[in-house]
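Structure first, commentary second.
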Amino acid sequence: MKFAKTIFAGAIFALQAAAAPAGEAVPPDQVKFEDFAVAESLTGVPGDPQAGAEVFRDRGLGNCLACHANSAMEEELFHGTVGPSLDGVGSRWEPAQLRAIVADAKKVFGEETVMPGFYSLNVGANVAKDRVGQTILTAQQVEDVVAYLATLKE
Amino acid sequence: MRRGAWEGLPVRGKFAAIGAGVLVASALAFSAVQAEPVDETLSIDGVEMTTRAKAQEGLPFDEVLSGWLFREAETRQLEADSFENPGMLYVERGEEIWNTVEGPAGQSCASCHGDAAESMAGIAAHYPKWDADSQRPINIELRIDKCRVEHMGLEPYKFDSDDQKALTTYIKHQSLGEPVNLDLAEGDMQSWWERGKERYYLRTGQLNFACASCHEANSGLYIRADHLSQGQANGFPTYRLKQADMVSLHNRLRGCIRDTRAETPAAFSDELMALEVYLTWRGTGLSVETPAVRQ
């Protein structure tokens, strides 16, 4: 079961996001942050770094390049400078810490950070009607991005 | 679906076509060389603009800076030359409307106000202004509507109609170079200012950004290809190259709010009028630059 899902994930990204069955993922308000880290996978399904790269790049999903430079994506025009470069980030942080940063950066950097919480319902006022109650990324997309970040070594 | 600053508009053909685009991109991405606003002066038709002014008390910077200082050389040049500035076409169109008789009263704006170069000189630098009749602040768009309804027997303009943008641009242009300065002592202006300030620092939407997240905390940095300015209001309506059109202030504010993935408030709503009062105050001392040119 697990095995089949991972293979699909690599091949068809859109299907993979939808395929994480409801109920299996840790709900956003029950993610356990300890010592600025989230030790446990949000889904139990290993992250797929290739799918994670797509989530990272996609302007409608992670849109990470809006704020971060990433030399591994040099072919993309214009990298933002609002956050630090993510070059070598996989050497600076453990996967559990990366999971915490991506899921809810405010739990790691404090309330003032501008980095959005990608798997958090602690959001701003007047959320657009079609986004109410939804996280920016699904639990599996967070796992995939974390797997991708872990590949960005010094 | 239109995409705003957050998800980004496609890179313009011209820029992408020249190989320089790639060079610029990697310079931005990996060394942030151009992160500071430029140290240049802007003069339009021989009139020097104030693009840096001492910040009002309570603001977290020493100086307030016009958005012009954050734009690329090519864009800055377009604004500096009124023969090249595409926004000047709207000024011309606005002048036509000013002189055209419309409505049952058989009058034009000029019938009552004469030559706008005299009657409207400098007035827009002091808007939004308190309106005793409606007991709220009004901007130039709403002031125009007031004359259309009360003096000409016409309907208010539809928001962002071409004529509204052209006439607003024309009237604001009569204040070119004039320093922005609001009278907060009139009516309840002060409480609208406070409400606008609260709104400025309120985080909204799924992305959880306040205006300050981008225009205060990160002004001078790049969000993707966009060099973040202080988000000043002094150039509106502005000519936006990306849209190849004139953009009103409330259109821009709605775009910035939509980009946080929040519900978008209506133009001229209390929320946006409060924000306009506060935002305009933040730019006190900057010259009116209408029609400014932005990317």
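The values are calculated or read from the model by the stated rules, or taken from the named source; none is laboratory data. Remember, predicted model here, so these are calculated numbers, not experimental data. We place every Cβ from the backbone using ideal geometry, glycine too, and count neighbours over all the protein chains shown. Each accessible area value is taken on the protein alone, full model and side chains, heavy atoms only, with ligands, DNA and RNA left out. Shrake-Rupley method; radii C 1.70, N 1.55, O 1.52, S 1.80 Å.
Shape of region B:88-173 from the C-alpha gyration tensor: rounded (a/c under 1.5, with a ≥ b ≥ c the square roots of its eigenvalues).
Inter-chain neighbour count for A:68-74: the average number of beta-carbon atoms from partner chains within 10 Å of each residue's beta-carbon is 3. The packing ranking of peptides A:125-132, A:97-104, highest mean first, is A:97-104, A:125-132, where packing means the average number of other beta carbon atoms within 10 angstrom of each residue. If a/c stays under 1.5 just call it rounded; otherwise compare a/b with b/c (prolate if a/b is bigger, oblate if not). Do that for the protein assembly as shown, with a ≥ b ≥ c from the square roots of the Cα gyration tensor eigenvalues. Prolate.
Charging the Cβ of each Asp and Glu at -1 and of each Lys and Arg at +1, and nothing else, the dipole of region B:88-173 about its Cα centre rounds to 280 debye. Mean residue ellipticity at 222 nm, helices only, chain A: -9500 deg cm²/dmol; runs of at least 4 DSSP H residues each add -39,500 (n - 2.57), and the sum is divided by the number of residues.
Centre-to-centre separation between the Cα atoms of region B:198-259 and those of region A:52-117: 22 Å. Within the protein assembly as shown, DSSP assigns beta bridges of which about 80% are antiparallel (rounded to the nearest 5). Annotation note: chymotrypsin sites (Phe, Trp or Tyr not before Pro) in region B:76-169 located in DSSP loop regions with a Cβ neighbour count of at most 14 within 10 Å are B:Phe83. Using bins 10 angstrom wide from zero, how does P(r) for chain B break down, in % of all Cα pairs? Pair shares across the bins are 6, 28, 36, 22, 7, 1, 0.
Each Lys and Arg adds +1 at its Cβ and each Asp and Glu adds -1 at its Cβ; summed about the Cα centre, region B:240-293 shows a dipole of about 220 debye. Mean per-residue shielding of peptide B:226-236 is 1, counting Cβ atoms of other chains within 10 Å of each Cβ.
Per residue, the convex hull spanned by the Cα atoms of region A:37-154 amounts to 106 cubic angstrom. Per-residue mean of foreign Cβ neighbours for B:211-224 is 4 (Cβ atoms of other chains, 10 Å radius).
With N the number of residues in region B:180-246, Rg(Cα) / (2.2 N^0.38 Å) evaluates to 1.36. Just need log10 I(q)/I(0) for region B:150-295 at q = 0.14 Å⁻¹, Debye formula, equal scatterers on the alpha-carbon atoms, no solvent, rounded to two decimals. So the normalised log intensities are -0.73. Think of chain A as a dipole: +1 on every Lys or Arg Cβ, -1 on every Asp or Glu Cβ, centred on the Cα centre; then among A:Met73, A:Ala125, A:Leu98, A:Ala125 lies furthest on the positive end. Over the heavy atoms of B:Lys242, what accessible area does a 1.4 Å probe trace out, to the nearest 10 Å²? About 70 Å², rounded to the nearest 10.
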